[in-house]
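Working notes, structure below.
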Amino acid sequence: MTAQRAAARAAAATAALTGCALLLAGCGIKRTGVVESGHAAGVKVPGGKTAAVLYFVSKDGDRLVPVPFSIGTDYTLAPTPLVRLLLNGPSGPAAAAGLTTALPQVPDAKTDAVTVSKYSQENGLTVTVPFAVAGLSQTARNQLVCTVGASAVPDTLSPVTIRGTDTTLPSADCRTPR
């Protein structure tokens, strides 16, 4: 009887191992890559509808980080001063968190040359800056486009054209890399 028990145990062990192997094999389910699920979720910004958002570069340099900016609950910052703030680079808690900018520094004497056009439903907005824009990195372009496009017109994500001293870049929408 010992041989029969040994054979029965061996058969049971073989069946258990075969079952485990089938489970580990995934029953034919194939691996998939990352599934894109659309745009990132919206974010409520402190300060409500009067808060503007400046987009700075993460300390790793791999993505834009929205930084809310508000003067008060009864005041909305106009687009031109907002761009001037962006060109000054991060300050306060944003700088302490290691955020940076991909935009060139603009001397104080040239900040008056920064303008943002009036919003047009057909053309969006045009931001004019006092430096060459053809060689700007995509991150720098996105900083301008996202800051102006998300904050200039409440509850609207506007297309933005960037005009520099050398050329005018095609209109673009805010697209922050993931």
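The values are calculated or read from the model by the stated rules, or taken from the named source; none is laboratory data. Values in this document were obtained by computation on a predicted structure and should not be read as measured data. Heads up, the Cβs are rebuilt from the backbone with ideal geometry, glycines too, and the neighbour counts pull from every protein chain shown. Side chains are part of the model used for accessible areas, which takes the heavy atoms of the whole protein and leaves out ligands, DNA and RNA. Shrake-Rupley method; radii C 1.70, N 1.55, O 1.52, S 1.80 Å.
Of the listed requirements (1) crowded, with 20+ Cβ neighbours inside 10 Å; (2) farther than 23 Å from Pro170 by Cα; (3) in contact (Cβ under 8 Å) with a residue 40 or more places away in the chain; (4) in contact with a helix residue (DSSP H, G or I) (Cβ under 8 Å, 6 or more places away or on another chain), Val67 misses just one: (3).
Selection within the range 143-178: residues that are at pLDDT 75 or above and among the charged types (D, E, K, R). The member of this set that is most open to solvent (accessible area, probe 1.4 Å) is Arg163.
Only a single criterion out of (1) charged (D, E, K, R); (2) without any contact (Cβ under 8 Å) to a residue 40 or more places away in the chain; (3) surrounded by fewer than 17 Cβ atoms within 10 Å (Cβ to Cβ) is not satisfied by Lys59, namely (2). Of all residues in the range 74-119, those satisfying the criterion of being at pLDDT below 85 and either part of a loop (DSSP other than H, G, I, E, B) or under 18 Å from Thr168 (Cα atoms) (or both) are Asp74, Thr76, Leu77, Ala78. Consider the range 87-142 and keep the residues that are of a type in the set (Lys, Arg) and within 17 Å of Asp166 (Cα to Cα). The one that is least open to solvent (accessible area, probe 1.4 Å) is Arg141.
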